[in-house]
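K.L.:
Here it is: the structure, laid out below.
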Amino acid sequence: MTATRLAGFGTTIFTEMSALAERTGAINLGQGFPDYDGPPEVLEAAQAAIRTGRNQYAPLPGVAPLRHAVAEHQQRFYGIELDPATQVQVTMGATEAITAAVLGICEPGDGVLAFDPTYDSYKPAAMMAEATLTTVPLHPPEWRFDPDELAAAITPRTRMLILNTPHNPTGRVFDRDELETIASLCREHDLIAVTDEVYEHLVFEGEHIPLATLMPERTLTISSIGKTFSVTGWKTGWATGPAELVAAVRAAKQFLTFAGGTPFQYASAAALRLNDGWYAEFSAELKVKRDHLCAALEQAGLKVLVPQGTYFANVEIDGDGADWCRELVPRAGVVAIPTSVFSADPERLKPYVRFAFCKRLGVIDAAAAKLSAIGAAASG
């Protein structure tokens, strides 16, 4: 029997649609994981770690080479200085870091804010901490928030704001003005900000600006290796920031997984130290995939909300996105996900559908041809 606080978190549409893709042989552009491996030198680093005996428990904070590599990464890309010993905590992916942050910082009855649509782990994390998640809408088609709506959502019990940028599922990259507004409200109301930045290097337009560069004293930054280096199964992430916030994450994390993925931690250190050219090339290749998919979606007669970042693109359709996704499989042999499943107010986002383009270019083009064909048939 499932605990009542987790009631309602049963089988998701992700499971349903992935099973449908497997059963029908459809191209799965629903779930956000690549169908290709990461850089060969990073994969070799993992194998080398296994061969050379890096197979036992890692220390609770994470292996020293990865903690130092994370600190170097934050300095290199954003000018953020960190003490690897006290301001970096390695986790089993970003999801564990987020959950440990909520468990370690929030008291029962506290309020947690996030923008809607929102990544699906935030609400269960709040519920496990006996906190309450309140969402503030991002308004399509530009996916911007209203500062007055954000301010109005803050109550005396609000303790934390979770910010995901670049944003899943919309692909929005929050700009400096928006971040300044968020920082100002956090200071005014004494809020802790937890930032989910796993798509930080998947930016095509605009600039990823960590909130920690504006508000270092009250920002816990979370990221991971999976999205940037196409190794989502490694589940290696981290939390960085003020020592007292990192200590709160560590206090909770020690009773979740304690430590894990030791060889992947060593390989992740090697990944983070790849040269700037590699990062630029990766982003450029993903932008090509985005453009191929978006062009096909437009050719199919869909209104495309071109993403600034991540590896997701949304379209606006006529009708119910969930029904449309189910019908898309027999019509075009392509799987997508209704954006409404990420919302606390599904009706508001009923007409939107999310596609993932983190696939091999040949797969993207094959899906594009199928989508273009149904567009041609509809107009013919």
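The values are calculated or read from the model by the stated rules, or taken from the named source; none is laboratory data. Small disclaimer: the values here were computed from a predicted structure and weren't measured. Because the Cβ atoms are built from the backbone with ideal geometry, glycine has one as well, and the counts that use them run over all protein chains shown. SASA here: full protein model, heavy atoms, side chains in, ligands and nucleic acids out. Shrake-Rupley method; radii C 1.70, N 1.55, O 1.52, S 1.80 Å.
K.L.:
Determine the distance separating the Cα centre of region 129-151 from the Cα centre of region 216-234; give it in Å without decimals.
P.N.:
Computed from Cα coordinates, the inter-centre distance equals 22 Å.
K.L.:
Please give the net charge around residue 222, taking every other residue with its beta carbon less than 13 angstrom from that of residue 222, where Lys and Arg add +1 and Asp and Glu add -1.
P.N.:
So the environment of residue 222 carries a net charge of -2.
K.L.:
Then there's this: Using the Karplus equation 6.51 cos²θ - 1.76 cosθ + 1.60 (θ = phi - 60°), what ³J(HN,Hα) coupling, rounded to whole Hz, does each residue of region 330-345 give in order, writing x for Gly and Pro?
P.N.:
x, 6, 10, x, 10, 9, 9, 10, x, 5, 4, 5, 8, 10, 6, 10
K.L.:
What are the principal axis extents of the Cα atoms in region 36-170, in Å, biggest first?
P.N.:
If we take the Cα atoms of region 36-170, the spans are 54, 36, 29 Å.
K.L.:
Rounding to the nearest 10 and keeping the result within 0 to 90°, find how far the Cα-based axis of helix 276-299 lies from the longest principal axis of the chain.
P.N.:
Tilt relative to the chain: about 30 degrees.
K.L.:
Between region 333-356 and region 84-106, what's the alpha-carbon centroid distance in Å?
P.N.:
29
K.L.:
What are the ³J(HN,Hα) couplings of region 170-181, residue after residue, when phi is run through the Karplus curve with 6.51, -1.76, 1.60 and θ = phi - 60°? Round to Hz, x for glycine and proline.
P.N.:
Karplus-based 3J(HN,Hα) across region 170-181 equals 8, x, 7, 10, 5, 8, 4, 4, 5, 5, 4, 4 Hz.
K.L.:
Scan around residue 119 for amide H atoms under 5 Å from its own, H built in the peptide plane at 1.01 Å from N, and keep only partners 5 or more places away or cross-chain.
P.N.:
none
K.L.:
Right, another one. Considering only DSSP states other than H, G, I, E and B, which chymotrypsin sites (Phe, Trp or Tyr not before Pro) in region 34-82 qualify as loop sites with at most 13 other Cβ atoms within 10 Å? Write out the running numbers ahead of the final one.
P.N.:
Details: sites: 36, 57, 77, 78; in loops: 36, 57.
Answer in residue order: 36, 57.
K.L.:
On to the next question. Please determine, in degrees from 0 to 90 and to the nearest 10, the orientation of helix 262-272 with respect to the longest principal axis defined by the Cα atoms of the chain, where the helix direction is its Cα long axis.
P.N.:
Roughly 70 degrees, rounded to the nearest 10.
K.L.:
Can you list residues from other chains, or at least 5 along the same chain, whose modelled amide H is less than 5 Å from the amide H of residue 110?
P.N.:
The list, which skips near neighbours in sequence, is 132.
K.L.:
Continuing with this model, one more query. Leaving out ligands and nucleic acids, and using a 1.4 Å probe, what accessible area per residue does the chain come to in Å²?
P.N.:
Values: 15500 Å² over 380 residues.
So the chain comes to 41 Å² accessible per residue, rounded to a whole number.
K.L.:
Continuing with the same structure: Taking the Cα centre of each part, how many Å lie between region 21-61 and region 272-305?
P.N.:
21
K.L.:
Measure nothing fancy, just the Cα-based angle from helix 93-105's long axis to the longest principal axis of the chain, in degrees from 0 to 90, nearest 10.
P.N.:
50
K.L.:
With the full set of protein chains in place, find how many percent of the accessible area of region 1-76 is carbon and sulfur; take the probe as 1.4 Å. Walk me through the intermediate numbers first.
P.N.:
Numbers: 2460 of 4500 Å².
Ligands and nucleic acids excluded, carbon and sulfur reach 55 percent.
K.L.:
Under 17 Å between alpha carbons, and skipping anything fewer than 8 positions from residue 235 in its own chain: which lysines qualify?
P.N.:
Result set, ordered by chain and number: 227, 253.
K.L.:
5 Å is the cut-off here: which amide hydrogens, built 1.01 Å from N in the peptide plane, fall below it relative to residue 204, excluding neighbours closer than 5 in sequence?
P.N.:
Those qualifying (amide H under 5 Å, at least 5 residues apart or on another chain) are 309.
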